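Presented below is the structure to which this report refers.
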Amino acid sequence: MASVGWLQFAGVELVNSTRASMLSGGLVRCGCATLPHALGDDPDEYRDVTTAPWFDITVPDSKDFFGFAGLEYTGDADGTAERGTTEVIGDGGVLGAPRAASRELEVTVLAVAATEAGLSYGLGWLEAALGGSACHTGCSGDTLCVYAACPPKGRADALLRYLGEVGLTDGPTRESVTRLAGGWIATVSFTVTAGNPWWWQLPRMVFDQTVAPDYSDVVADYDILGGGPCPDPPDCLDSSPYCTGSNAPWPDEPFPGSSPHDLSLLDPCYPTAPFTAARALWRVPRRAMPTGQGTVPIVELRSGSLPLHRITVRWYSNPTNRVPTGTIDRCRACAELTIPWIPANTTLTIDGRSRSTTVNCRDLGRTPSGVTVYGPRGGPFDWPVFPCSTPLIAELIMLNNSLTPDTTWRVSLAARTGAV
């Protein structure tokens, strides 16, 4: 269950019960005493309305508004899983594929003000703030942040949770207004919906270019195709003694691409020629894989003064946390991605949280990218979710002579849960 004392939407603090309590002189008594320290704020500033996010020096009534105290969040601890069922003619039915639906979060807050005009200003400010950031193309929502509990000193980051692709879907609605000795209060509710239903923790960096790999080498004539497709597990029932000679089954109909060795259907933009590869492997320890409902990778690559070529990232399960060697079997990789090319002075981010790729060319600003991310052997890329806290090995491969001293990379992991 999320702590109702603080909520941030689109980078703007909407709810801060501690601030509302201190500004109002105790008109409402609630909040978390350690919240200012967790946010890096000076507690004394919570008694100064000019430091509040809604204060506007050009609007005198803004100084008479004291903020919003959280009352209740509904939907924060609810799962969103759904699964269809198709009934069959006989007994029972067939389960469909499970999926996580969007998440609705209903927020109920208490608006606090010294005057009726101040209360009116605060409600108008809330409606404007819930409009979200000024997005342009490719924007599907904003980020909403809460704490899982009142954050003690030194553990604020560990308790922060956030939703992505969030937008207002109902409200805000003023449900009641009450005049008290010393001020005004109003109960207000609104509903936001997250297209990405998971509660995310802050990503944990597992390595970057400054972290020495556990193993590295330069491989001449590196073959991204590996000399052939990875074999499927054997089927020992395919050699029936009753199915030989004249009783042999019909063969598969031959067509281009029917054999995994046939590359005629491979995307021509996927490079297959052998190359000299710089290869490095890092162990990802168990502490970077918190137990939850899954962990996803975030890969950030920045080319240097030269274009970066032939980038491949693979992940391997490593239950015993063994030190990797150059004999690691690519067929045992549980996830793989390849990017053929990144131009010079460009940052590419492949984000498993939003399942999106963004690019920042020559530091001119980040924008969504339509770059194709390839899976094994140039096939479709499946966004990986590591379901448990088993240690991993991460492998990074690049064209050796495209690396420069200013080439950088960062690989992080973000854990998700279905409730907070």
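The values are calculated or read from the model by the stated rules, or taken from the named source; none is laboratory data. Please read all numbers here as calculations on a predicted model, not as lab measurements. With ideal geometry, Cβ positions are generated from the backbone for all residues, glycine too; neighbour counts draw on all protein chains shown. Heavy atoms of the whole protein, side chains included, go into the accessibility calculation; ligands, DNA and RNA do not. Shrake-Rupley method; radii C 1.70, N 1.55, O 1.52, S 1.80 Å.
So if I average 1/r over every pair of distinct C-alpha atoms in the range 78-236 and take the inverse, what Kirkwood radius in Å does that give?
Evaluated over the range 78-236, this radius sits at 21.7 Å.
If we count every other residue with Cβ under 10 angstrom of PHE275's Cβ, Lys/Arg +1 and Asp/Glu -1, where does the sum land?
Within the 10 Å Cβ shell, the charges total -1.
How compact and how long is the range 317-420, expressed as Rg and Dmax of its alpha-carbon atoms in Å?
Over the range 317-420's Cα set, Rg and Dmax evaluate to 15.6, 47 Å.
Taking the solvent-accessible surface of protein heavy atoms with a 1.4 Å probe, what is the per residue accessible area of the range 1-129 in Å²?
That works out to 50 Å² for each residue.
Tell me, Kirkwood radius of the range 147-229 from alpha-carbon pair distances, in Å?
About 19.2 Å, per the Kirkwood formula over Cα pairs.
Please find, in a Gaussian network model of the chain (springs between Cα atoms separated by less than 10 Å), the residue of PRO343, PRO229, PRO376 whose mean-square fluctuation is greatest.
PRO229
Whole-Hz Karplus ³J(HN,Hα) for the range 37-46, in order, using 6.51 cos²θ - 1.76 cosθ + 1.60 and θ = phi - 60°, x for Gly and Pro?
Here the 3J(HN,Hα) series is 5, 5, 8, x, 9, 7, x, 5, 5, 6 Hz.
To the nearest 10 degrees, how steeply does helix 116-129 sit against the main Cα axis of the chain, on a 0 to 90 scale?
For 116-129 against the chain, the angle is about 10 degrees.
Calculate, for the range 148-203, the solvent-accessible area per residue in square angstrom, rolling a 1.4 angstrom probe over the heavy atoms of the protein chains.
Accessible surface, normalised per residue, equals 46 Å².
Write down the Kirkwood hydrodynamic radius of the chain, to one decimal in angstroms, obtained as one divided by the mean of 1/r over all alpha carbon pairs.
Value: 25.3 Å, from the Cα pair sum.
Given contacts defined as C-alpha pairs under 8 Å and at least six residues apart, what's the relative contact order of the chain, whole-number percent?
For the chain, the relative contact order is 17 percent.
Given the options THR407, THR85, THR108, state which has the largest fluctuation in a GNM of the chain using a 10 Å cut-off (strictly under) for Cα springs.
Looking only at THR407, THR85, THR108, the biggest GNM fluctuation is shown by THR85.
Report the Rg/Rh value for the range 312-370, based on alpha-carbon coordinates and the Kirkwood definition of Rh.
Using only Cα positions, Rg/Rh for the range 312-370 is 1.10.
Given the DSSP H assignment, sum -39500 (n - 2.57) over each helix run of at least 4 residues in the chain and divide by its residue total; what's the result at 222 nm in deg cm²/dmol, nearest 500?
That calculation yields -2000 deg cm²/dmol at 222 nm.
Calculate log10 I(q)/I(0) of the range 1-146 for q = 0.17, 0.18 Å⁻¹, where I(q) comes from the Debye formula with a single equal point scatterer on each Cα and nothing for solvent.
Debye intensities relative to I(0), on a log10 scale: -0.98, -1.08.
Which residue fluctuates the most in the chain, going by a Gaussian network model with Cα springs under 10 Å, if the choices are SER240, SER356, SER133?
SER240
With a cut-off of at most 15 other beta carbons within 10 Å, and DSSP calling the residue loop, which trypsin sites (Lys or Arg not before Pro) in the range 16-93 qualify? Please list them.
Listed in order of number, the matching sites are ARG29, ARG83.
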